[in-house]
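Accompanying notes for the structure given below.
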Amino acid sequence: MQAFKNKVPVVNYGDIKVYIERIANGDSSNIISDEPIIELLTSSGTSGGRPKMMPSTAEDLHRKTFFYNLLVPVMNK
């Protein structure tokens with residue numbers, strides 16, 4: 001586990017907030033992902049009184065749609 005942490009440092013929202021804000025303000029460079037960020041979702045809760053913005057890619061959207069399409073038929077039974 002320590003070897004992984006040495007290679008991939010654990011960060012929190014505050015560590016990347018400045019980059020997320022740049023994306024929210026129109027920066028289209030791939031500063032936090034190798035895929036383009038296509039949308040920013042907001043959290044349902046708050047931290048410090050403000051919801052957090054969560055970057056999402058096309059792959060994220062595809063994965064959410066896939067699971068939603070699996071879940072809905074089960075829920076409708």
29 Å Cα cut-off, lysine pairs counted over the chain (separation 8 or more, or different chains): 10
For the chain, accessible area per residue (1.4 Å probe, heavy atoms of protein chains only), Å²: 82 Å²
Protection-proxy order for peptides 50-57, 8-15, 35-42, each taking the mean of Cβ atoms within 10 Å per residue, highest first: 50-57, 35-42, 8-15
Net charge contributed by nearby residues that have their C-beta within less than 13 Å of Gly14 (K/R +1, D/E -1): +1
Hydrodynamic radius (Kirkwood) for the chain, which is based on Cα pairs only, to one decimal in Å: 14.9 Å
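The values are calculated or read from the model by the stated rules, or taken from the named source; none is laboratory data. This structure is a prediction, so every number in the text was calculated from the model and none was measured. No Cβ is skipped: glycine too gets one built from the backbone with ideal geometry, and neighbour counts run over all protein chains shown. These accessible areas exclude ligands, DNA and RNA; they are computed on the full protein's heavy atoms, side chains included. Shrake-Rupley method; radii C 1.70, N 1.55, O 1.52, S 1.80 Å.
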